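Everything below concerns the one structure shown next.
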Amino acid sequence: MAKLTEAAIEERLKGLSGWTKQGEMITKTYKMATFPAAIAFVTHVGFLAEAAAHHPDVDIRYNRVTLALTTHDAGGLTEKDFDLAAKADEIMG
């Protein structure tokens with residue numbers, strides 16, 4: 001998959017809420033009600049990521065989950081990153 005241009009990245013970010021670009025990745029921190037809710041969210045994202053063959057970096061800190069997305073084999077951000085970001089947002093409603 002081809003790496004997106006900076007203009008395309010900025011345009012795609014406009015369609016996502018709370019995601020920010022940090023270097024060659026996009027990140028977002030989600031706040032859950034409880035630790036088990038955070039684990040359930042990560043499990044759901046994990047199944048989506050596995051189905052897409054695209055795996056985020058995940059940081060869990062009690063009730064906060066940070067996802068970081070980049071396409072390593074493309075050397076930066078691709079459509080895969082934004083697609084998975086949108087699906088993660090859908091989980092939260």
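If I filter segment 20-35 for residues that are in a helix (DSSP H, G or I) and surrounded by 12 or more Cβ atoms within 10 Å (Cβ to Cβ), do I get at least one hit? Within segment 20-35 (the criterion being in a helix (DSSP H, G or I) and surrounded by 12 or more Cβ atoms within 10 Å (Cβ to Cβ)), the answer is yes, since at least one residue qualifies.
Scanning segment 1-19 for residues that are part of a helix (DSSP H, G or I) and surrounded by fewer than 12 Cβ atoms within 10 Å (Cβ to Cβ) gives Glu6, Ala7, Glu10, Lys14. Within segment 54-90, if we keep just the residues that are aliphatic (A, V, I, L, M), outside any strand (DSSP E or B) and at pLDDT 95 or above, the residue that is farthest from Glu10 (Cα to Cα) turns out to be Ala88.
Close contacts from segment 24-40, counting a first residue that is among the acidic types (Asp, Glu) and a second that is at pLDDT below 95, with Cβ to Cβ under 8 Å and a gap of 6+ residues or different chains, come to Glu24/Gly75. Consider segment 2-42 and keep the residues that are of a type in the set (Ser, Thr, Tyr) and in contact with a helix residue (DSSP H, G or I) (Cβ under 8 Å, 6 or more places away or on another chain). The one that is farthest from Lys87 (Cα to Cα) is Thr20.
Do we have any residue at all in segment 28-43 that's closer than 23 Å to Glu6 by Cβ and within 12 Å of the chain's Cα centre (by Cα)? There is at least one residue in segment 28-43 that is closer than 23 Å to Glu6 by Cβ and within 12 Å of the chain's Cα centre (by Cα).
The values are calculated or read from the model by the stated rules, or taken from the named source; none is laboratory data. Nothing here was measured: the structure is a model prediction, and the numbers come from that model. Cβ atoms come from the backbone with ideal geometry, glycine included; neighbour counts cover every protein chain shown.
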